[in-house]
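**Q** My questions will all concern the structure given below.
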Amino acid sequence: RGCGEAHFVELDPWTAGEVLGRNIAALGVEDECAVHVESVFDFLSKFGYKAEAMGGPFDFVSVCPPYNDMNFTDLVESLEQSQVLSARSFLVFEYPKEVASCLKENLGPLKQLVNRTYGRTTVAIYGPQELD
């Protein structure tokens, strides 16, 4: 609600079409959504070339990668090096508690506001530096 547009990055074509595509259609928001069928690393590395067409850095980013198939250190570094985040962005990052050392107090221009563990899952929320 209140979002001008949403971009989804999904590696699996079936999930992109059958899950994301169907949910987007059911909500009637096809014109406000884009599904990028590629690896998150490819999306992040190419974002600088597409940033202007996509409206610049995102205001809100949600990261919930597959736990068993992800190099979290590389993912954090790719996020920091990309132009996806700005100093005004908010980032929600879900990760298994076993890789907690990959996340720092600051991620790119953002600072960690919350970091909570629920069973095996940990959720970190990052936001602008001036928020307390």
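**Q** Taking region 97-118, which residues are among the charged types (D, E, K, R) and in a helix (DSSP H, G or I)?
**A** Narrowing region 97-118 to residues among the charged types (D, E, K, R): 97-98, 104-105, 111, 116.
97, 98, listed by residue number.
**Q** Does at least one position in region 72-83 carry a residue that is on the phi > 0 side of the Ramachandran plot and exposed (fewer than 15 other Cβ atoms within 10 Å of the Cβ)?
**A** Kept after step one, since they are on the phi > 0 side of the Ramachandran plot, are these residues of region 72-83: none.
No, region 72-83 contains no residue that is on the phi > 0 side of the Ramachandran plot and exposed (fewer than 15 other Cβ atoms within 10 Å of the Cβ).
**Q** If the requirement is being touching a Ser or Thr at 6+ places or on another chain (Cβ under 6 Å), in a strand (DSSP E or B), open to solvent by 20 Å² or more (accessible area, probe 1.4 Å) and on the phi < 0 side of the Ramachandran plot, which of these qualifies: 92, 123?
**A** Details: 123 fails: touching a Ser or Thr at 6+ places or on another chain (Cβ under 6 Å).
Unique residue meeting the criteria: 92.
**Q** Could you list, in sequence order, the residues of region 16-48 that are open to solvent by 40 Å² or more (accessible area, probe 1.4 Å) and either closer than 21 Å to residue 72 by Cβ or under 15 Å from the mean Cα position of the chain (by Cα) (or both)?
**A** Once the filter is applied, which keeps residues that are open to solvent by 40 Å² or more (accessible area, probe 1.4 Å) and either closer than 21 Å to residue 72 by Cβ or under 15 Å from the mean Cα position of the chain (by Cα) (or both), region 16-48 yields 35, 37, 40, 41, 42, 45, 46.
**Q** Just checking, does region 59-73 include any residue being in a loop (DSSP other than H, G, I, E, B), under 13 Å from the mean Cα position of the chain (by Cα) and among the small types (Gly, Ala, Ser)? Walk me through it before giving the result.
**A** Narrowing region 59-73 to residues in a loop (DSSP other than H, G, I, E, B): 59, 64-71.
Restricting the remaining residues to those that are under 13 Å from the mean Cα position of the chain (by Cα) gives 59, 64-66.
Subset that is among the small types (Gly, Ala, Ser): none.
No - not one qualifying residue is present in region 59-73.
**Q** Still on this structure, please answer the following. Would you tally the residues in region 1-15 being open to solvent by less than 50 Å² (accessible area, probe 1.4 Å) and of a type in the set (A, V, I, L, M, F, W, C)?
**A** Within region 1-15, residues that are open to solvent by less than 50 Å² (accessible area, probe 1.4 Å) and of a type in the set (A, V, I, L, M, F, W, C) number 1.
**Q** Please pick out the residue among 26, 53, 34 that is at pLDDT 95 or above and small (Gly, Ala, Ser).
**A** Values: 53 fails: at pLDDT 95 or above; 34 fails: at pLDDT 95 or above.
None of the other options fit; the residue is 26.
**Q** Further question: When you check residue 56 against the structure, is it open to solvent by less than 60 Å² (accessible area, probe 1.4 Å), of a type outside the set (Asp, Glu) and assigned to a helix (DSSP H, G or I), yes or no?
**A** It is false that residue 56 is open to solvent by less than 60 Å² (accessible area, probe 1.4 Å), of a type outside the set (Asp, Glu) and assigned to a helix (DSSP H, G or I).
**Q** Would you check if there is a residue in region 10-33 being more than 26 Å from residue 118 (Cβ to Cβ), touching a helix residue (DSSP H, G or I) at 6+ places or on another chain (Cβ under 7 Å) and in a helix (DSSP H, G or I)? Spell out the reasoning first.
**A** Taking region 10-33 and keeping what is more than 26 Å from residue 118 (Cβ to Cβ), we get 13-14, 16-18, 21-22, 24-33.
Cutting the leftovers down to touching a helix residue (DSSP H, G or I) at 6+ places or on another chain (Cβ under 7 Å) gives us 24, 30, 33.
Applying the additional criterion that residues be in a helix (DSSP H, G or I) yields 24, 30.
Among the residues of region 10-33, at least one is more than 26 Å from residue 118 (Cβ to Cβ), touching a helix residue (DSSP H, G or I) at 6+ places or on another chain (Cβ under 7 Å) and in a helix (DSSP H, G or I), which makes the answer yes.
The values are calculated or read from the model by the stated rules, or taken from the named source; none is laboratory data. On a predicted model such as this, the values are computed, not experimentally measured, just so you know. All Cβ positions, glycine included, derive from the backbone under ideal geometry; neighbour counts span all protein chains shown. The area values use the complete protein model at the heavy-atom level, side chains included, leaving out ligands, DNA and RNA. Shrake-Rupley method; radii C 1.70, N 1.55, O 1.52, S 1.80 Å.
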